[in-house]
Amino acid sequence: MIGRSSALTVGLRAFRHRNYRLFYAGQAVSLVGTWMQSVAQAWLVLTLTNDPFWLGVVSAVQFTPVIAFGLFGGLVADALPKRRALLVVQTAMMILALSLWILTATGAVSVGIVLVLAFCLGVANAVDMPVRQSFVVEMVGRDDVANAVALNSAMFNGARVVGPAVAGLVIGIAGIAPAFLINGLSFLAVIAGLLLMRDEELVAVRLAERPRTVAEVRSALAEGLRYVRATPPVFLATVVVGLVATVAMNFQVIVPAYARDVLRVGADGFGLLMAASGAGSMIAALGLAFGRPRSSVLLGGALVLGASQVALAGTTSCPVAAFLLFLAGAGGIAMAATANTTIQLAVPDRL
């Protein structure tokens, strides 16, 4: 009993920090809404166009800013006061979600409008993602950062279980628009958490100087890339995630069409399939919270993700598909969270 209690304490040690508890609670609520919007937006696009091609177009438009500005977003994030930056970005995301709710509820929405709002959300994410990830170090310090990253992954993927399942039920009962409203309101939780934090309890982290010219930006990026190439654990994590993210991590884009046209299930079935993927991810993340990052977990997760997708291509059974998506979710987060933790622990604060 003592051993179990000690293990639980170690696995939850990041919760010793008040600021992190506030952050975690707010994100736990907000991310349920985020996953609800993800499911609702995909179903909306499929309903508007009846063409799976547009699912890929919307996804590409939404993630293009992250790809194009991601490296620069990291540089900007290190130069900004992170709590205030997150407040601004989260507020912008709330406005975008509420705008999509109003347009959908009034029947004024079109695939073109969805594309514009998806691009704007991508721009916000290009700043939000690096700021949020680096802010974890300030909330808990380097000693607890690995645990905090794993707990964040568990929370993120717990929301992947609840959000899609609730979204499927909401869409089936009340239509698509209410899912966007719930997401917009959920941002109030994370905004409240950020406002209640205490700056004096944040851990000071030495930041890189803000680049002031294009040449300085290029120099800073080149320094980071040289470090990746010269540091085997970071290089392995970067290459594996880069390759797998390119060819395998985006399978969820076609799940709406797969659910409707192959498995012959509606929005509720689609939501449950996404929830199955989230359940696998959550279990993998919880397991990582009680261990240290290892290259075997990184590579094994990538292999499980790929193998489950190959098997998924050959089934038309909804229960079998749900199980395979469970495995895909577990493999994907085992790989991604291990890579994230590896990089957080290995890379100097200035990079």
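The values are calculated or read from the model by the stated rules, or taken from the named source; none is laboratory data. A quick note: this is a predicted structure, and the numbers were derived from the prediction, not measured. Positions of Cβ are backbone-derived with ideal geometry, glycine not excepted, and every protein chain shown enters the neighbour counts. Accessible surface areas use protein heavy atoms only, side chains included; no ligands, DNA or RNA. Shrake-Rupley method; radii C 1.70, N 1.55, O 1.52, S 1.80 Å.
Only helical runs count toward this figure. For the chain, summing -39,500 (n - 2.57) over DSSP H runs of n ≥ 4 and dividing by all residues gives -27500 deg cm²/dmol at 222 nm. Axis angle, to the nearest 10 degrees, between helix 177-195 and the longest C-alpha principal axis of the chain: 10 degrees. Taking all protein chains together and rolling a 1.4 Å probe, Cys120 ends up with roughly 60 Å² accessible.
Each residue, Leu196 and Thr315, gets one label point 7 Å from its Cα in the Cβ direction; the gap between the two is 4.1 nm. If you sort Arg160, Arg294, Arg218, Arg18 by accessible surface, 1.4 Å probe, largest first, the order is Arg218, Arg294, Arg18, Arg160.
Relative contact order of the chain, taken over Cα pairs closer than 8 Å and 6 or more residues apart, is 26 percent. Counted residue by residue at 0.36 nm each, then reduced by the alpha carbon distance between them, the extension gain from Ala105 to Met129 reaches 5.7 nm.
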